[in-house]
Every structure is written in structure tokens, then in C-alpha cells.
Amino acid sequence: MKFINHSLSTQVLTDGQLTLSYSKITPVFEELDRFFGDRNIDRGDRLALECVNSVPCALVLLYLLEREYSFLLFSRAANTSEENKPEIPPFCHYGLQIDSSPEAPETESEILFHRDRGLKIWENSLWMGKNSSSEELKPTLYLRTSGSTGNPKLVAHSHANLRNNILNCAERLNLRSGDRIAIPVPIFHLYGLGAGFLPGVMVGASIDLQKGANLLRYLQREREFNPNVAFMTPIFCETLLRGRRSPRPYKLTVAAGDRVREDTFKQYNDRFGCLVKLYGSTEMGAIAAGSPDDTLEVRDRTVGQPMPGVQMRLEEQSFENIEEMEGTGELWCKHNCGFEGYIDEKGNPLLSETGDWFRTKDFGRIGKDGLEVIGRCDHSVNRNGLLVFFTDVEKAIESIAGIEKVVVVSKGESQRGKKLFAYCIPAKDTKVEVIATDIRSHCFDLLPRHAIPDEIIIEKTLPLLPNGKVDRQKLTQKVDWDTIHQNNT
Amino acid sequence: MDKTATDKTAMDKTAVEQLKVIIADELDVNLTKEEIDDNAPLFEGGLGLDSIVIVELISLIEEKFGIEFADTELSPEYFSNLHVLAEFVSEKLASRAKVAESVR
């Protein structure tokens, strides 16, 4: 995929530590040509690149795309140590990793190749050998679905479709060569990569890649880099809204990965300029996005029009409150530049159960002026951009001594997105005194931060449906009363 | 040590203690006052305050100490550990007192 304009000398890629103009990318790529050449690595060897938001990682990523390698892009799991080589799927012949440089390198060649840091490569001990099929490997990007608590799946995107996805985003968001784009979201996810970073590179914009973004780091980078476009999560929009003291108009802010609260949307728009929502998935890439030309009301209510080549349909379901839910159903999507399909760890394609149509598992409406996304269908919520399955939280809390059963429901909003309530039933014969604050404290050891319930409520019994299952709807209806009641006793 | 230097150290020390109370009692972090190390970084690899908690901490500091951060003061260097933060807070308090005096 050729898309870098190597002649631009004023536009840069930066990560705060290292800044490189587009015109200095060529020598880095030539070094990489020698590096792969020396090791007889060619396009038939599938690779795995461990990625963070840094210029060195971004350069290797761009190289692999421009030289049409097939590779998996992944991030280091939070609990693995620096020394351990991360485990990569058997279809990947080599793993690539980049040590961040402690100080700025003196020459371009030192960015990736320095005596004691830079690009590291290792042969995968689980490698299964070259693809036996005579078919030539189509350049492919592999990603894992986020599945923050569920099982992540491997997804294959052809470079060709990825490119079209990137073009869609650059066009819809009206990105320009003079833009300065702040990317505090990870570029190893398809939102940061395919909607932010690569479209920015394609139009030749300057780009600031930020790692471990928080308010303080973001404001520091903002002062130094002076961005006019930013790619954010809704939670980070709220962080900026609460933390930033003075208004600062951006040309455009894009938010994706979660729902933006209505009050946040208007306030953000007032203080930081045009905000648009983008809707997509690891499988489909960008499905829809708002346009800066849409009115505030449309940008707030919808995630914009579907991208060119995208068809949407609704699978309507019956709800008790039919009038309220009219025209609402599960969204299905057919994308002419979506993914090739899921694959297994050996790289073999897995058959799709639903053909060309992709089930988003989101509730929504298809309107004339854009797509409206209401929320996840199943028992899960999106918190801080991460999907939380109620069942995972329930299982974790049930592992605490003295707890018999746990049911998680969601209602209203907390600082981290949808508010989570965990109803806990103590075991009948327990000798342990079950105290809500202790349970919550335990949760910090058992669950990732975003999956810890906001409220723990101890109950003796739970309302049941005639079939014996817990009546979650009834529980959801009574959470407010229970929380107030519990806090007062 | 002259008197102003001693005062300053004492002031910083009180501010460190007050900050610890804020973190332990008012932030959603599951840390006790005793578990908080003055010299540990506030973010990853230290106290582990995440992006959401930091915003909370800033508004609590403003509320409890009656000071206001400017955008330019919201910088990682002032939040590198509790000592540095306490020193910064004390300075803000001192300069506020000075302003109040000159107005009088």
C-alpha cells in the first residue's frame, strides 16, 4: 500500500520524545529493507508487531504496510514483563518488538538500529511453517478484537480494503495536509489506526502519537504540538471537559468507542469546537461517521451517515414498550471494505455464520440524516471504551468467600460510562460477615479497573422470573431505591 | 536552617499529609493512608492513579486548599510525586497569602 508522501518536509510524526518529518522516512525504510533482506525475510513470512503509540513503532508499522507484508498488530498485555517474549500465533514466523529509546537518536538510522535498543526480532518457536497452499498470500493485516473480558478473536483485513476504509475516513472527516492531529487513543486498535493515524498519514498531516494519555500529559502535549484535530474516546472528552480550564477551539474532534452523553456533547462542542462521532468495529473498520458539515443536532443524535459502500439493515425485535422502541432493532452491516473474516491461531479462515452481513450486536435506528446507535444488545456495557460482560463480573465476585450468587445490572451513568450495580447474595451458612465495601475492595484484585461495579448491594433474595431465572429488568428498576436505602443504613 | 526555610518544610509536610488524606479517603483508589508512599510516582508504576482519578484529585485539591490551577500548571512535572505536588500547593497558598496582604 503506497500512501506516504515522502517529500513532505514540514509535516512531522512525533511522540513528544522523537520528531521526524515525512521526508526523513525514506532512509529509515532503507535500513529496514537491509534488516529484512539480511535475514531473508520476505512477504511469504507473516510477522507479528508489538505496538505502542510511539514514532519508532509507527515507522515499522508504516513500513510493513508500504512493503505489503502480512502481519499481526498487537499490544503487550498489561501483566507481562519486559523480558518475556510475548506469545504470538503459530502462523507468524517472526515477532517484532521495539525498545523505546531513552533519549533522542542522533541520526535517522539510530531510531530503530542502535547498539542497545531499537528493533528486536525473534523467531516464533511455535511457527508452523510456510503456508502450504500454492495461493499467493494476499497482503493482510491481522488484529485481535478487543474482547477485554471475553475471548478475543483474530480478524483479517486485506491491505486493499483497509486502504479504502482509510480513504473513507479521510474524506468524511475532511482531513487535510495542514492539519495537526493529536492521537491519544491506541494505534494498535482499528479506531486509532484506521480512522486517525493512517488517514492522517495518507493526507500528509502532522501527527502526535500519545502514550498513556491522561489530562496532565494531554495538556502538556497540547501546548507543545498545538493540534487542531483530535481523536478521542467519549470518556476522554469528559476528562477534558472537567479538567481543562479555558475553552480551546479545535477544527474537529472525533469520538468513538462508546456513547457520548448528550450533555457532554453540547458542552464539549461549545468549548472545544466541532465534535463528531464515529461508529465502527474491529471487523468492519469505520461503519459510519459524522461530518463536520452536519448540524450540531445531527452530530449529537447520530453517528453520521454510513460510509460509501456500507449497507445497514435492522433486525427488529419485540419489546414490551413497543411504541418507544419503534424503528429500533439490532443493527446489521454489509461493508464493501470490511474484514476478510475471522481466522484461527493457525491462520485458517473460519466460516462466517451470517454470510456477508455482519451482526453488530448494537441496538439502533436507521434515520434519514444518519445512523443512531443506542447500545449493546446483550448483557454487557461499554465502559471507558472497553466491553464489560456482566457474567465476567458476576463470576469474579462469586469467587469471594461467603458470596453465593451475584447479578450485575446497569442503570444510569458513572464517571466510567454506564453505571454498574452488583447484587450479592451471601452464602447461607457463611461465617464471614459480608460487607459491601469489603467486596468492592476485593474487586480491585479480581477485575480490571473498568469492570469494577460502582455499587455493591447485599440482598437476601433476588426477584425471579416464572422460569426461575433472575428478573434483571426488575432489579434494574429498583437499583436507585436500593442504593439510597443501603447508604442510609 | 533559618526560620523561613523551616516554615516552608513544615508547610510542605502538612500539605503532604493533607494530600494523603484526600487520596485515601476521597478518591476511588482502594489505598489506605499508610500505603501511600510520598516518593512514589502518582501514575503508572507508583500509586497507579488513572486518568479519571487524576481529574478528581485536581478538583479536590482546588476545593480543599482553596486554590486554582491554571491550564499551564496542569502539567505532569507538578504531579510527579506527593512531595513535588505538596511543594507546589504550598507555593500557591503562599502567593495567595501575599496577594491578600498587598491588597490590605
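The values are calculated or read from the model by the stated rules, or taken from the named source; none is laboratory data. In this text, all values refer to a predicted model and were calculated from it rather than measured experimentally. Ideal geometry is used to build each Cβ from the backbone, glycine not excepted, and the neighbour counts take in all protein chains shown. Surface accessibility is based on the protein's heavy atoms, side chains included, excluding ligands, DNA and RNA. Shrake-Rupley method; radii C 1.70, N 1.55, O 1.52, S 1.80 Å.
Points worth noting:
- Length gained on full extension, A:Lys431 to A:Asp270: 52.4 nm, using 0.36 nm per residue less the C-alpha separation.
- Kirkwood Rh, angstrom, the stretch B:3-103 [1 / mean 1/r, Cα pairs]: 14.1
- Anisotropy class of the stretch A:183-309 from Cα gyration tensor, a/c 1.5 cut: oblate
- When A and B come together, around 2000 square angstrom of accessible surface is lost from both chains combined, probe 1.4 Å.
- The antiparallel fraction among DSSP beta bridges confined to the protein assembly as shown stands at about 65%.
- Expressed per residue, the C-alpha convex hull volume of the stretch A:342-474 stands at 192 Å³.
- Solvent-accessible area lost in complex, 50 Å² minimum, residues of the stretch B:45-65 relative to chain alone, 1.4 Å: B:Ser51, B:Ile52, B:Val55
- Across the cross-link table entries A:Lys346/A:Lys395; A:Lys419/B:Lys20; A:Lys130/A:Lys346; A:Lys211/A:Lys361; A:Lys266/A:Lys418; A:Lys211/A:Lys266, which are compared at the Cα atoms, the separations over 21 Å belong to A:Lys346/A:Lys395; A:Lys419/B:Lys20; A:Lys211/A:Lys361; A:Lys211/A:Lys266.
- In nm, spacing of pseudo-spin labels at A:Arg359 and A:His6 (7 Å Cα→C-beta vector): 4.7
- ³J(HN,Hα) computed for each position of the stretch A:449-458 - Karplus, 6.51 cos²θ - 1.76 cosθ + 1.60, integer Hz, glycine/proline x: 3, 6, 9, 6, x, 6, 9, 10, 10, 8
- Eligible lysines near B:Lys92 by straight Cα distance, threshold 16 Å, same-chain separation 8 or greater: B:Lys8, B:Lys13, B:Lys64
- Axis of helix A:436-446 versus longest Cα principal axis of chain A: the two differ by about 30°, to the nearest ten degrees.
- Rounded to the nearest 10 degrees, the inclination of helix A:55-66 to the longest alpha-carbon principal axis of chain A is 70 degrees.
- Integer Hz, Karplus 6.51/-1.76/1.60 couplings in order for the stretch B:54-59, x for Gly and Pro: 4, 4, 4, 4, 4, 5
- Rounded to the nearest 10 degrees, the angle from helix B:82-103 to the longest Cα principal axis of chain B is 30 degrees.
- The calculated FRET efficiency for the pair A:Lys346 and A:Thr107, based on their C-beta separation and a Förster distance of 35 Å, comes to about 0.30.
- Annotation: amide H of B:Leu49 within the under-5 Å range of B:Phe43, sequence separation 5 or more or interchain, hydrogens built in the peptide plane.
- Accessible area expressed per residue, the protein assembly as shown, with surrounding protein chains retained (probe 1.4 Å, Å²): 47
- Calculated on the alpha-carbon coordinates, the convex hull of the protein assembly as shown measures out at 211 cubic angstrom per residue.
- A helix-only calculation puts chain B at -18500 deg cm²/dmol for mean residue ellipticity at 222 nm, using -39500 (n - 2.57) for each DSSP H run of at least four residues, averaged over all residues.
- Using heavy atoms of the protein chains and a probe of 1.4 Å, the accessible area assigned to A:Met128 is about 80 Å².
- Protein accessible area in chain A, 1.4 Å probe - carbon and sulfur %: 48
- Those residues of the stretch A:421-452 whose amide nitrogen sits under 13 Å from the label point placed on A:Ala401, 7 Å along Cα→Cβ: A:430-434
- Carbon and sulfur %, accessible surface of the stretch B:3-103 computed with the full protein complex present, 1.4 Å: 53
- Counting only residues at least eight positions apart within a chain, or on another chain, the aspartates and glutamates with an alpha carbon under 16 Å from that of A:Lys428 are A:Glu398, A:Glu404, A:Glu459.
- Calculated FRET efficiency, B:Glu101 to B:Glu68, Cβ-Cβ distance, R0 = 25 Å: about 0.85 to the nearest 0.05.
- In chain A, helical runs assigned H by DSSP with n ≥ 4 each contribute -39500 (n - 2.57); averaged across all residues and rounded to the nearest 500, the mean residue ellipticity at 222 nm is -7500 deg cm²/dmol.
- Accessible area of B:Asp28 (1.4 Å probe, protein heavy atoms only, ligands and nucleic acids ignored): about 60 Å².
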